[in-house]
Amino acid sequence: MERRDRLVNSLHRQLPADFEQAAPILRAIAPQFTGLAAVCLPQYVAQYGLAHWATAMALLKELTRYSSSEFAIRPFLIHAPQATETQMLRWAHDQDPAVRRLASEGLRPRLPWGIRLTQYVTDPAPIWPVLRELMTDKSEYVQKSVANNLNDISKDHPQAVIDWAQTYWGQTPQTTWILTRGLRTLFKQGNPAVLALEGYALSAADHLTGCSLTPTEQTASLGTATTLQYTMTAESGRSLPVYLGYRVHYVRQRQETTFKDFYIKRTTIRPGATVSGQVTRPWRQLTTRKLYSGDHVIELLVNTRVVATAHVKLTVEQTR
């Protein structure tokens, strides 16, 4: 984003100072400059076109076809919310999936890298008409955005999203896919209503015996991977639909921890049957997560409940 802003400032020194004169030049550039790097073009509109709402809206619609205007639309939603919300609803009916996606993605309250739209964090009411229009969209590009928008809203208004999901669940394969993805935060939190909607019960863990999670090695170093064997047996009497996952508690710099959940599989365990398998967790540095030495707790999850625990001592050599 810093690179984007530098490009915008450089463009402004070259383009006409009058935004109405610069707009057609940006439109002509767009088809030849695409992808993530090209977000500088919509950002130019956000930075210098706020006083030219109609021209800016038409230009953002065009630019999003070649890159994405999801970040650039947000200042307009802050400075002219009613007019821009109306425009977003119009875009939700557009024939181009890139434009329809913009209608949803631009309204996300907590869009990563974007300005947080606190008015929708407080009250997501203006978002619902757009999502209602897009819930049956055939484009996966649009569906992912709708799901991510719902997931954003669920962090501040969980019951509203649950009510929404209960209304649309099972209407089409697409709506169910959108909702499953959109409910992911509430699912990981073990919300009973969400688990029930997806066919799982928190109580499933109470009907399992012999649950174990065992690492092949109890020590690890950066650049290696740990393989963990898991097993569990269902009591006789009934089948158990289960969502299997595991949670890694990563050690932070001051020996505090933060966790991340990982998916294993969805399955149904027959009465008296045993399920076993293995997972492999690599230990490598990521731009989004830095590893530190220490005791890493790893938990086996059944329908989001912990049923077994393992420990792996990770050693990370400090570089100077």
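Normalised by the number of residues in the chain, the average gap of Cα pairs under 8 Å and 6 or more apart makes the relative contact order 11 percent.
Summarising the amide proton neighbourhood of LEU213: residues at separation of 5 or more, or on other chains, whose placed amide H is nearer than 5 Å comprise THR309. Comparing GLY277, LEU26, GLY182 along the charge dipole axis of the chain, the residue lying farthest to the positive side is GLY277, per the Cβ-charge model.
Summed over the residues of the range 2-74 and divided among them, the accessible surface reaches 49 Å² per residue at a probe radius of 1.4 Å. The dipole here belongs to the chain: it is taken about the Cα centre, uses +1 on the Cβ of Lys and Arg and -1 on the Cβ of Asp and Glu, and is about 680 debye.
Simple rule: put +1 on each Lys or Arg Cβ and -1 on each Asp or Glu Cβ in the range 1-103, find the dipole, and look at ALA38, HIS93, ALA103; the Cα lying farthest toward the positive end is ALA38.
Full extension of the chain segment joining GLN318 with THR227 gains 30.3 nm, where the gain is 0.36 nm per residue of separation less the Cα-Cα distance.
Kirkwood radius, the chain, all distinct C-alpha pairs, inverse of mean reciprocal distance: 22.5 Å. Oblate is the label for the range 123-201, because the ratio a/c of its alpha-carbon gyration tensor axes (a ≥ b ≥ c) is 1.5 or higher and a/b is not greater than b/c. Applying 1/(1 + (r/R0)^6) with R0 = 41 Å to the Cβ-Cβ distance of ARG132 and LYS290 gives a FRET efficiency near 0.50.
Take the Cα of GLN171, step 7 Å toward its Cβ, do the same at ARG266, and the gap between the two points is 1.9 nm. Mean-square fluctuations from a GNM of the chain, with a 10 angstrom spring cutoff on Cα atoms, peak among ARG101, ARG110, ARG13 at ARG13. Accessible surface computed residue by residue for the range 77-205, with neighbouring protein chains in place and a 1.4 Å probe, gives 44 Å² per residue.
Rolling a 1.4 angstrom probe over the chain with all protein chains present gives an accessible area of which 49% lies on carbon and sulfur atoms. Computed 3J(HN,Hα) for the range 184-199, one whole-Hz value per residue from the Karplus formula 6.51 cos²θ - 1.76 cosθ + 1.60 where θ = phi - 60°, is 4, 5, 5, 4, 5, 6, x, 4, x, 5, 5, 4, 5, 4, 8, x, glycine and proline marked x. Taking 0.36 nm per residue of separation and subtracting the current Cα-Cα distance, fully stretching the chain between THR209 and LYS155 would add 16.1 nm.
Computed from label points 7 Å out along Cα-Cβ, the spacing between HIS311 and THR219 is 1.5 nm.
The values are calculated or read from the model by the stated rules, or taken from the named source; none is laboratory data. Model, not experiment: these values are computed from the prediction. Please note: Cβ atoms are built from the backbone with ideal geometry, for glycine as well, and neighbour counts cover all protein chains shown. Areas reflect the complete protein model, heavy atoms only, side chains present, ligands, DNA and RNA absent. Shrake-Rupley method; radii C 1.70, N 1.55, O 1.52, S 1.80 Å.
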